[in-house]
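Take a look at the structure below.
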Amino acid sequence: MDSNGSVLLIGSLPRLPIDEAMTLCAHELGSVLPRLTDGEPGGWVNIPIAALARTEGLETLALPPNAPAYRPPPSRLKDGIVPADLEFAPIGYVDIATRSYAVFEALKADGKIGKRTRFQVSLPTPFATLGLALVEADVPRVLPVYEAHVLREVAAISAAIPHDELAIQWDTAIEVVEVLERHRPDLARVFSDKDCAAHLARLCNAVHEDIELGIHLCYGNPNGKHVIEPTDTRVMVEFVNLLVPKLRRPLTWLHMPVPIERTDAVYFSPLRDMTLPADTQLYLGLVHLGDGVEGARQRTVAAKTVATRFGVATECGMRLIPKEKFS
């Protein structure tokens, strides 16, 4: 751990009511938990994909052969439609965040949440939504207008919640798995590593500087397992090194997953080459339900051979953990 013993909640929690999820996490982790999520009761990328499906000007196609199980049937721009013609439905992030913040605010007033704890809003990147929902060729075409649509919702959240109470995290999964790791070569051919870094930098730079900002690099978690297992942290490190020079505001934290099998220093060794700003906190996904405290201890020991300061997290969200094991 770092000198503050800090813990990061990625976003999703077992399916508990918002007040129960917040109260439980604050009670168990309050002294080491600088930010608190609402548990993502509405899900993650399914929310924007459902909203996108209501967009006039898109038509749904059949799933391509051998499509991954987590991908919905893709859509494409209808003939004669250009991206500027699209009118997107509200995604719903604003309503979700403001309702959850009202619960957070009430619990804080009752003394059940620490006074310095911030409310964390975790969002999939616009590219993540489009990368799953559209045919590959249309992703870079639609991204500029959809990115602007998402950032308008982020601005509305920022206007509704006091900045000194708010933290925003960009969940970056489709970029990592399908572009950086080339799991979908057709998508990687139309949107490069550099494109991903430029997109994420725009998202980060759009968040007001007095709002805390984090990035969760993710290898996916369908059915509780990574889509692919990272060989080591090299791909993530190279991506961070592309991203950081493009940032015009502080990055509060960065999270990287650690596979349950990796208790060796080799996995962490590329971290030596990462140009992370000194004031950015690194969190490592050292905790897995499958091997408990001992596995987390072994991964922590291995990480300390390379990194001297880091906080602790799970590798991804905890939605798939049974509620009885969480309480």
* Among the residues listed as PHE127, PHE119, the single one being touching a Ser or Thr at 6+ places or on another chain (Cβ under 8 Å), touching a residue at least 24 places away in the same chain (Cβ under 8 Å) and at negative phi -> PHE119
* To do: Six or more apart or on different chains, Cβ under 6 Å: which pairs go from a residue in region 186-200 that's on the phi < 0 side of the Ramachandran plot to one that's open to solvent by 10 Å² or more (accessible area, probe 1.4 Å)? Could you list them?
  => ASP186/GLU136; LEU187/GLU136; ALA188/ARG182; VAL190/GLU136; VAL190/PRO140; PHE191/PRO140; ASP193/LEU180; ALA197/LEU242
* Condition broken by LEU61, with the remaining ones in (1) more than 24 Å from the chain's Cα centre (by Cα); (2) under 20 Å from VAL145 (Cβ atoms); (3) of a type in the set (A, V, I, L, M) satisfied -> (2)
* Structure fact -> The residue that is surrounded by the fewest Cβ atoms within 10 Å (Cβ to Cβ), considering only those in region 31-63 that are charged (D, E, K, R) and in contact (Cβ under 8 Å) with a residue 40 or more places away in the chain, is ARG35
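This table checks each residue for (1) surrounded by 18 or more Cβ atoms within 10 Å (Cβ to Cβ); (2) touching a residue at least 60 places away in the same chain (Cβ under 8 Å).
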site: LEU247; (1), (2): no, no
site: LEU254; (1), (2): yes, no
site: ARG262; (1), (2): yes, no
site: ARG272; (1), (2): no, no
site: ALA303; (1), (2): yes, no
site: VAL306; (1), (2): no, no
site: ARG319; (1), (2): yes, yes
* Hey, can you tell me all the residues within region 3-18 that are modelled with pLDDT under 95, farther than 13 Å from PHE119 by Cα and either of a type in the set (Ser, Thr, Tyr) or open to solvent by 20 Å² or more (accessible area, probe 1.4 Å) (or both)? => SER3, ASN4, SER6, SER12, ARG15, LEU16, PRO17
* On the given criteria, is ASN223 at pLDDT below 95, surrounded by fewer than 23 Cβ atoms within 10 Å (Cβ to Cβ) and assigned to a helix (DSSP H, G or I)? -> yes
* Enumeration of residues in region 231-245 that are surrounded by 22 or more Cβ atoms within 10 Å (Cβ to Cβ) and in a loop (DSSP other than H, G, I, E, B) -> THR233
* To do: Being open to solvent by 40 Å² or more (accessible area, probe 1.4 Å) and among the small types (Gly, Ala, Ser) is the filter here, so list the residues in region 198-212 that pass it.
  => ALA206
* To do: Would you please name the residue that is least open to solvent (accessible area, probe 1.4 Å), looking only at residues in region 278-299 that are farther than 24 Å from ALA173 by Cβ and outside any loop (DSSP other than H, G, I, E, B)?
  => GLY292
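The values are calculated or read from the model by the stated rules, or taken from the named source; none is laboratory data. Note that this is a predicted model, so its numbers are computed, not measured. All Cβ positions, glycine included, derive from the backbone under ideal geometry; neighbour counts span all protein chains shown. Each accessible area value is taken on the protein alone, full model and side chains, heavy atoms only, with ligands, DNA and RNA left out. Shrake-Rupley method; radii C 1.70, N 1.55, O 1.52, S 1.80 Å.
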